[in-house]
Structure formats: C-alpha cells, structure tokens
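A.B. asks: Shown below is the structure under consideration.
The values are calculated or read from the model by the stated rules, or taken from the named source; none is laboratory data. Predicted model only: the values in this text are computed from it and were never measured. Positions of Cβ are backbone-derived with ideal geometry, glycine not excepted, and every protein chain shown enters the neighbour counts. Please note that ligands, DNA and RNA were not included when accessible areas were found on the heavy atoms of the full protein model with its side chains. Shrake-Rupley method; radii C 1.70, N 1.55, O 1.52, S 1.80 Å.
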Amino acid sequence: MNNTILNLRPYPMEELNRIKEELKKKGVHIYDFGTGDPKEPVDEKIVKSIKDSITEISQYPSVIGRKDLRESIANWVKKRFEVELDPDGEIIPSNGSKEAIFHLPLTFINTDEPEKSRVIFGTPAYPVYERGTLYAGGKPYPVKLREEDKFLLRLDKVEKSILEETKIVWINYPHNPTGATADISYLKEIYSITQEFDIILCSDECYTEIYFDFKPPSALQVGYKNLLVFHSLSKRSGLTGYRTGFIAGDKTLIDQLKKSRSSFGVATPDFIQAAAKTAWSDENHVEKRREVFRKKRDLFIKFFNKVGLEYLHPEATFYFWIKTPKGLTTEEYVKQLLKYGIVVSPGVNFCAGIEILNQQCQSDYFRIALVPSYEECLKAVKVWEKAHSEIVR
Ligand SMILES: Cc1ncc(COP(=O)(O)O)c(C=O)c1O
C-alpha cells in the first residue's frame, strides 16, 4: 500500500462514525453535531432540474462543463462580489470543492523542484489541504491559527525563507472549524504577501453564503494573478450528495487546470450541472437556509451563555468552536458527552497529521456542526444541560 495512505491516521469523520455506530447499537439516542452535513431538504426547483435533465442517452461530461452553468456562475459572482469573470476562461465546474482542493497540488507541485514545493495552510483546518499536498508529493507547512489573531492565518509571521519555498497557500474564511471570518483588508494583505513570494493563493470559500452578521467577501475582490477561489453548493444549497462546485480565478491557472483535470475523471454529470445552474441562479432558497441556521445558532448562543461554555461567536458557517470547561481535557469532556448521546468533534480532529506525528497537537476546543433539525437541537440542549452539570460538577 502507498505509504502516504499508510502513514495517515484514520480520516477524522470516519473515526467519529465508528464510535457513533457503537452507541447506536447500545440504543443510545444520538444527537449528532459531529459531521458537517446538514439534513435540510433540497429546494424543489433544484430537484426538478435534475429530473428534467435525465436523458435516455448518456454521454461523458466535459471538464469545462456546460456553458450555461459557467454563465450562471459568472452572473452569481458578479451579483454577489461585483467581480466580472469570463465564463469560458476563468471558471471550471468541480464535483464539490473537496476533490478540487485535493487535486489542486497535483497540477501545480513539481516534485523535481523541492525548493518550491511547500504548501501552507492554517491549523485547525479542514484536513484535505494537507492530504492533497502529501499525495502530490508536496511539503505541508501547517501554521497555527491563534485565538489572539482571531484564527486568521498570519503569513506576516511566517519566516521569509519558508515563504520563498512555498508554492501554494490555502486560506478558508469563513473558517471550518472555528467559524472565524476575514474582512477585505485581511484578504488584501495576505494576497500581497503571496504575490511578493510568487505563491498561488487558494481561497476555499465554501461557507461565504452561510452568514449571519456580515456578508463575507471573496478573495476575487482583492486580486487576480496567481489567485484561485473554490466555491461549493454543498453548504449554500445543501447539495452535499450531488457533488457540485466551481474553481474560478486567474485564466493562466484555470488553463493549466483544464489540461490536468481531464486525467482525474471528475467532470460533473450533466444533470447535476443543470441542478447547479438552477441553484446558482436563485437566492430565495439560500436565504431560507440562512434563517434555519440562524435560529439554531441563536438557540446555542443562549444555551452556552446560560451554562457558561465559552465559544467563538460565529458570524458565519454552521459551526461553533467551543472551549473545553476548565479542569477537564477536551478528550474527557467529549467522551463524557458521548455517553449522553451528544456527538461533537474534538479539536484534535482538525490538527494536521504532521502535528500529530510530531506531538505538536493540543486543543482546548471542540466543534459542533448545527446539523440536527431545530426540534432535535431543542431536545439536545436539554440533554446537554443535564450532562454538563453532571460532568463539571
Ligand atoms: C472548509 C471546507 N472546504 C471544503 C469542503 C468540501 O465540501 P464539498 O466537497 O462538499 O464542496 C468542506 C466540507 O465540509 C469544508 O468544510
């Protein structure tokens, strides 16, 4: 087996699923705040688009996708971020953003150029930035995201010699798992540093549409050359199972992606592209989704304030990043909660594999994803309140 795979610990969500299954077998009612895959139904118009586009003859989709989809994406970007994109040259559909993120380093990392093969990303993080880097033969360089920096990746604090060796920087705001957001001035600053060191800036923007207090900006608003953004309909429209998103930005990079992605087998099926076109062209269903998450978020803000759990106020995303109560390790608290059927993700799940290998990963935080329905959340809060008082007693 490939050593890259052998050396990785189990995918964090797989580990959680295993524990959950054991509890279910024991008959414990599970309130699952672990995996970030909400269950709200897909908007009818989107489902209809799929049904209407199923054809009798099935043919291979193309890497560049349907022109009408690329045009609807360009229209959305124009409306949302006031940025003009050329639908033919600056946008490629993807099968959700995970594969696009995973495959990206395969296009840009040269293993015979080790002096320019680092990939920087913040930690805690979505694990795929590191995994894609490792599979492509790049060198992951996790940078600790700190509370005092509002969990923003601070390239200005990274040594110049490291930046000189860096090919790609990943940022992800609004951020999984902390819910932190970045403003335009932060994006401008990080873009200017990446350009100074000839680095490709990749901005994973899959949560920009799940906002509450302010509309998160896109890196597209601050730059063009050496810049790519990654968007998805998984969070905005709840289409996690349909696998659809897009990559947009610098035409030179998009041209290179067009060449390489034809080898990956990730062109999006035609009927999913039809659904994606409908989803990017409609804001009503997104507004409704935001309201659902806002209601759940407000419920938990009230609950955490009541029981005295500290958390980072989420201006966006459907996550809470919560501090472990004093006197307990995160592992202890999370395991205790599990006994009551409350599934949360310990912060260590979002550490880079390299940090774990080097024993540099400690986290006093855990994450909840607002996945259960509002009614289930109401019940969960009651169970959690009782559990919490018994655990911290
Ligand atoms: C930060 C981040 N990026 C990307 C993804 C991948 O999402 P998808 O492949 O469904 O678009 C996720 C999923 O949870 C995520 O949290």
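A.B. asks: Of the peptides 21-30, 136-145, how do they stack up when ordered by the mean number of other Cβ atoms within 10 Å, highest first? Don't skip to the end; give the middle numbers.
C.D. replies: Numbers: 21-30: 11.7, 136-145: 19.5.
Ranked by mean Cβ neighbours within 10 Å, highest first: 136-145, 21-30.
A.B. asks: Another one. Kindly work out what percent of the DSSP beta bridges joining two residues of the stretch 44-282 are antiparallel, to the nearest 5.
C.D. replies: Values: 9 of 26 bridges.
The antiparallel fraction comes to roughly 35 percent.
A.B. asks: So, by mean Cβ neighbours within 10 angstrom, what's the order for 271-280, 298-307 with the highest one leading? The partial results should precede the final answer.
C.D. replies: Working: 271-280: 23.7, 298-307: 14.7.
In descending order of packing, they fall as 271-280, 298-307.
A.B. asks: Using a 1.4 Å probe on the protein heavy atoms, what percent of the accessible area of the stretch 44-282 belongs to carbon and sulfur? If you can, show how the numbers build up before the last one.
C.D. replies: Values: 4750 of 9640 Å².
Roughly 49 percent of what the probe reaches on the stretch 44-282 is carbon or sulfur.
A.B. asks: Step through the residues of the stretch 300-306 one at a time and calculate ³J(HN,Hα) from phi using the Karplus curve (6.51 cos²θ - 1.76 cosθ + 1.60, θ = phi - 60°), rounding each to whole Hz and writing x for Gly and Pro.
C.D. replies: The phi angles translate into 6, 4, 4, 5, 5, 4, 5 Hz.
A.B. asks: List the pairs from 116/144; 39/157; 79/116; 20/215 whose alpha-carbon separation is above 30 Å, in the order I gave them.
C.D. replies: On the way: 116/144 21 Å; 39/157 40 Å; 79/116 37 Å; 20/215 35 Å.
Cα-Cα > 30 Å for 39/157; 79/116; 20/215; rest within.
A.B. asks: Moving on to the next point. With Rg and the Kirkwood Rh both taken from Cα atoms, where does Rg over Rh land for the stretch 316-378? Walk me through the intermediate numbers first.
C.D. replies: Values: Rg = 13.0 Å, Rh = 12.8 Å.
So for the stretch 316-378, dividing Rg by the Kirkwood Rh gives 1.02.
A.B. asks: To check my understanding: the extent here is largest minus smallest coordinate of the Cα atoms along each principal axis. What are those three numbers for the stretch 1-138, in Å, largest first?
C.D. replies: Sorted largest first, the three principal extents are 50, 48, 37 Å.
A.B. asks: Stokes-Einstein diffusion coefficient for the stretch 267-393 at 25 °C in a medium of 0.890 mPa s, Rh from the Kirkwood formula over Cα pairs: what value in µm²/s?
C.D. replies: Details: Rh = 16.7 Å.
Answer from the Stokes-Einstein relation: 147 µm²/s.
A.B. asks: Using alpha carbons only, how many angstrom separate the centre of the stretch 77-96 from the centre of the stretch 156-202?
C.D. replies: 21 Å
A.B. asks: Throw me the Rg/Rh for the stretch 224-333, computed over C-alpha atoms with Kirkwood Rh, two decimals. Walk me through the numbers on the way to the answer.
C.D. replies: Working: Rg = 19.6 Å, Rh = 17.5 Å.
Dividing the radius of gyration by the Kirkwood radius yields 1.12.
A.B. asks: In a GNM of the chain with a 10 Å cut-off on Cα contacts, which of 97, 58, 373 has the highest mean-square fluctuation?
C.D. replies: Sorting by GNM fluctuation, first place goes to 58.
A.B. asks: OK, next. Just from its helices, what would the mean residue ellipticity at 222 nm be for the chain, if runs of 4 or more DSSP H residues each count -39500 (n - 2.57) and the sum is divided by every residue, rounded to the nearest 500 deg cm²/dmol?
C.D. replies: Numbers: 15 runs with 164 residues, N = 393.
My calculation for the chain gives -12500 deg cm²/dmol from helical runs alone.
A.B. asks: Nothing charged except the Cβ atoms of Lys and Arg (+1) and of Asp and Glu (-1): what's the magnitude of the dipole of the chain about its Cα centre? Round to the nearest 20 debye.
C.D. replies: I would put it at about 1180 debye.
A.B. asks: Express the relative contact order of the stretch 44-282 as a whole percentage, based on alpha carbon pairs under 8 Å and six or more residues apart in sequence. Spell out each step's value before the answer.
C.D. replies: On the way: 449 pairs, mean separation 68.8, N = 239.
Once divided by the residue count of the stretch 44-282, the mean separation gives 29 percent.
A.B. asks: Of the peptides 323-329, 201-207, 44-50, how do they stack up when ordered by the mean number of other Cβ atoms within 10 Å, highest first?
C.D. replies: Values: 323-329: 14.0, 201-207: 26.4, 44-50: 15.9.
Result, highest mean first: 201-207, 44-50, 323-329.
A.B. asks: How much net charge surrounds residue 350 when only the other residues with a Cβ under 12 Å from the Cβ of residue 350 are counted, with Lys and Arg +1 and Asp and Glu -1? Write down the numbers at each step before the final one.
C.D. replies: Numbers: positive: 144, 367; negative: 130, 355.
Result for the neighbourhood of residue 350: 0.
A.B. asks: Once you list every other residue whose beta carbon is under 14 Å from the beta carbon of residue 299, what net charge do they have if Lys and Arg are +1 and Asp and Glu are -1? Show your work: numbers first, answer last.
C.D. replies: Details: positive: 294, 295, 296, 297, 302, 306, 379, 382; negative: 291, 298, 375, 376, 385.
It works out to a net charge of +3.
A.B. asks: Working with all protein chains in place, sort 5, 322, 57 by solvent-accessible area computed with a 1.4 Å probe, largest first.
C.D. replies: Numbers: 5 65, 322 0, 57 125 Å².
Descending order: 57, 5, 322.
A.B. asks: Something else about it: Given the convex hull over the Cα atoms of the chain, what projected area results after averaging over all orientations, in nm²? List each step's numbers first, then the result.
C.D. replies: Numbers: hull surface 79.8 nm².
Averaged projected area of the chain's Cα convex hull equals 19.9 nm².
A.B. asks: For a Förster distance of 41 Å, can you work out the FRET efficiency between the beta-carbons of residue 378 and residue 251, rounded to the nearest 0.05?
C.D. replies: Details: r = 49 Å, r/R0 = 1.20.
Plugging the Cβ-Cβ distance into 1/(1 + (r/R0)^6) gives 0.25.
A.B. asks: Then there's this: Cα convex hull of the stretch 111-212: mean projected area in nm², to one decimal? List each step's numbers first, then the result.
C.D. replies: Values: hull surface 25.3 nm².
For the stretch 111-212, averaging the hull's shadow over all directions gives 6.3 nm².
A.B. asks: Find the accessible area per residue for the chain; the probe is 1.4 Å, ligands and nucleic acids are left out, and the unit is Å².
C.D. replies: Values: 17790 Å² over 393 residues.
On a per-residue basis, the chain sits at 45 Å².
A.B. asks: Moving on. Using a 4.7 Å cut-off between beta carbons, which cysteines in the chain end up with no partner cysteine at all?
C.D. replies: Lacking a cysteine Cβ partner under 4.7 Å: 202, 206, 377.
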